[in-house]
Amino acid sequence: MARVAAIEPTQADPSLKDLFADFIRERGAVPNMFRTLAHDPKLLETWFDMFRATLREGDVTTRVKEMVAVRVSHLNQSRYCLGSHTGLAKRFGVTEAQVSCLTGAEGAAFTAAEEAAIRFGEALTLHPEGVSDAVFAELRKHWTERQIVEITAVACMFNSFNRFNNALGVDLTVYPKKLG
């Protein structure tokens, strides 16, 4: 059960009207994490901008970014982020077997580049003091510096989001089965 109430879109600060309308149009509902952040509209806008910039299709595909997000969220036992991002990962082409592997099972096939990105996000999560030179060297074999920055941003952002949602017990968002 949530420790802090998620603000209903109709009760949110008027400055959030367009942002909430975009969520409803795109997803059918406003995610509870963002509804919780709506207690501080400026904070919500900042986190939302970071979310969009980090997960956009950049030099690293959204598919790979979602793989990293799912692995980090699994390691942090973030029920909320796993609930959202396993579905998104599948929408971007991550197979059921790969999702199972990201959440603890064995045996799914990843490319060497995908594996390096996943292992880097894992190491960053498990070792906040820094990743080993060996893990970073493997990442560098497959990714440019810009791509490494994107992958690092995803892992760091999800470590933050996971902790926010876990600390506040944010409830899973229920989305409508069909849009439009």
>> Return the residues of segment 68-84 that are touching a residue at least 60 places away in the same chain (Cβ under 8 Å) and in a helix (DSSP H, G or I); say none if nothing qualifies.
In response: Val68, Ala69, Val72, Ser73, Arg79, Tyr80, Cys81, Gly83, Ser84
>> Can you tell me which residue is farthest from Ala69 (Cα to Cα) among those in segment 114-145 that are touching a residue at least 12 places away in the same chain (Cβ under 8 Å) and more than 19 Å from the chain's Cα centre (by Cα)?
In response: Lys141
>> Yes or no: segment 26-44 includes at least one residue that is free of Cβ contacts under 8 Å to residues at least 40 places away in the same chain, in a helix (DSSP H, G or I) and over 20 Å from Leu168 (Cβ atoms).
In response: yes
> Does segment 80-100 include one or more residues that are closer than 30 Å to Ile7 by Cβ and among the polar types (S, T, N, Q)?
Replying inline: yes
>> Considering only residues that are over 24 Å from Pro9 (Cβ atoms), buried (at least 20 other Cβ atoms within 10 Å of the Cβ) and not hydrophobic (A, V, I, L, M, F, W, C), which ones fall in segment 30-75?
In response: Lys65, Glu66, Arg71, Ser73, His74
>> Being surrounded by fewer than 14 Cβ atoms within 10 Å (Cβ to Cβ), part of a loop (DSSP other than H, G, I, E, B) and either hydrophobic (A, V, I, L, M, F, W, C) or at pLDDT 90 or above (or both) is the requirement here; does Val4 meet it?
In response: yes
> Within segment 69-91, is there a residue that is in contact with a Gly (Cβ under 9 Å, 6 or more places away or on another chain) and under 12 Å from Ile151 (Cα atoms)?
Replying inline: yes
> With segment 88-160 as the region, which helices (runs of 4 or more DSSP H) entirely inside it contain at least 1 residues that are closer than 18 Å to Leu55 by Cβ and among the hydrophobic types (A, V, I, L, M, F, W, C)?
Replying inline: 96-102, 112-126
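The values are calculated or read from the model by the stated rules, or taken from the named source; none is laboratory data. What you see is a predicted model; the values in this text were computed from it and never measured. Counting neighbours? That spans all protein chains shown, and the Cβs are built from the backbone with ideal geometry, glycine included.
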